[in-house]
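Please treat every number below as a calculation from the coordinates, not as lab data. These numbers were taken from a predicted model, which means no experiment stands behind them. Methodologically, a virtual Cβ is constructed for each residue, glycine included, from the backbone with ideal geometry; neighbour enumeration extends over all protein chains shown.
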């Protein structure tokens, strides 16, 4: 089995037209950034890319990653992912921008045995219609923590969701290219946790901050998915308001594909 190797590419902001305006230059600059932020889901994908290259379908089926997003990465910036072995089939990685700033770091692994999957689906009711979503306030999220969140149904691929995390498809492994084998790429898969949040509340500019993910099954082209989630914590730090979610993605009807503990800043300081 191959060892995950360091690699580099050019960062790609696929979300310039997203309803999360932190990815637009105009809004991001209001909050003190140089421009629109490359989505956290893409930065996550950059850090786990060496695992997909080295471990392939095995990592999509049982791999794990814990990634902390520390600093912004901007469209068109060259970046490098430095990997360092940290045990059998484990590496620590850093996403480093052209100025040498560590934009993200974390630990990526391939367990010897498939991990225990989450419990079967709860059967959560559907998330509200987009026009009926309440505003993302502390009170609303406290209510969702108490009463539960609505579920979401999607397919891979889904129009408008990332089919790539770099502009040049040839820079991605054939395994996760739609013109190749077509399994869902890590940016899409971890992005389902973002979708779970924004399906339940109406958000302003917001930022993906951290993910601890465990894969349970690869998501093949044409898969129908159900996403169930719950609010596990709410807190403020340095003027930002954070939400923690537990999210499980199922292949219909009830086969777990991924589970993740997901953290986001749902209200930026000064909003």
- Footprinting exposure proxy for 131, 262 (fewest neighbouring C-beta atoms within 10 Å first): 131, 262
- Here Rg/Rh (Cα, Kirkwood) for the chain equals 0.94
- Message: Classify the range 179-228 from the C-alpha gyration tensor, please: rounded if a/c falls under 1.5, else prolate or oblate depending on whether a/b exceeds b/c.
- Response: prolate
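Tell me, what is the percent relative contact order of the chain, built from C-alpha pairs under 8 Å that lie six or more residues apart? Intermediate results must be reported in sequence, preceding the final value.
On the way: 641 pairs, mean separation 54.7, N = 271.
Averaging sequence separation for qualifying contacts and normalising by length gives 20 percent for the chain.
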- With each label point set 7 Å from Cα along the Cα-Cβ vector, what nm distance links residue 181 and residue 80? 2.9
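Can you sort 201, 43 so the residue with the fewest Cβ neighbours within 10 Å comes first? Don't skip to the end; give the middle numbers.
On the way: 201 21, 43 25.
Starting with the residue having the fewest Cβ neighbours, the order is 201, 43.
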- Query: Where both residues lie in the chain, what percent of DSSP beta bridges are antiparallel, nearest 5?
  - Reply: 95
- Item | Anisotropy class of the range 53-130 from Cα gyration tensor, a/c 1.5 cut | oblate
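How would the range 125-166 be classified by its alpha-carbon gyration tensor: rounded, prolate or oblate, with rounded meaning a/c under 1.5 and the a/b versus b/c comparison settling the rest?
Because a/c hits 1.5 or more and a/b exceeds b/c, the range 125-166 counts as prolate.
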- Say we join alpha carbon atoms closer than 10 Å with springs in a Gaussian network model of the chain; which of 89, 116, 214 then has the biggest fluctuation? 116
- Query: Which of 132, 209, 217 moves most in a GNM of the chain, Cα contacts under 10 Å?
  - Reply: 132
- Query: If you find the alpha carbon centre of the range 35-109 and of the range 207-236, how far apart are they in angstrom?
  - Reply: 17
- Report the residue, chosen from 240, 49, 23, that carries the largest GNM mean-square fluctuation when the chain is represented by alpha-carbon nodes joined by springs under 10 Å. 240
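Pulled fully out, how much extra length does the chain show between residue 16 and residue 269, if you take 0.36 nm times their separation in residues and subtract their Cα-Cα distance?
Values: separation 253, 0.36 × 253 = 91.08 nm, distance 2.15 nm.
Additional length available on full extension: 88.9 nm.
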- Per-residue Cβ contact counts at 10 Å, fewest first, order 103, 202 as 202, 103
- Query: With each pseudo-label sitting 7 Å past Cα toward Cβ, what's the residue 236-residue 158 distance in nm, one decimal?
  - Reply: 3.2
- Message: Once R0 is set to 51 Å, what does the formula 1/(1 + (r/R0)^6) return for the Cβ-Cβ distance between residue 142 and residue 102, expressed as a FRET efficiency to the nearest 0.05?
- Response: 0.90
- Query: With the contact rule set at Cα under 8 Å and sequence spacing of 6 or more, what percent relative contact order holds for the range 162-271?
  - Reply: 26
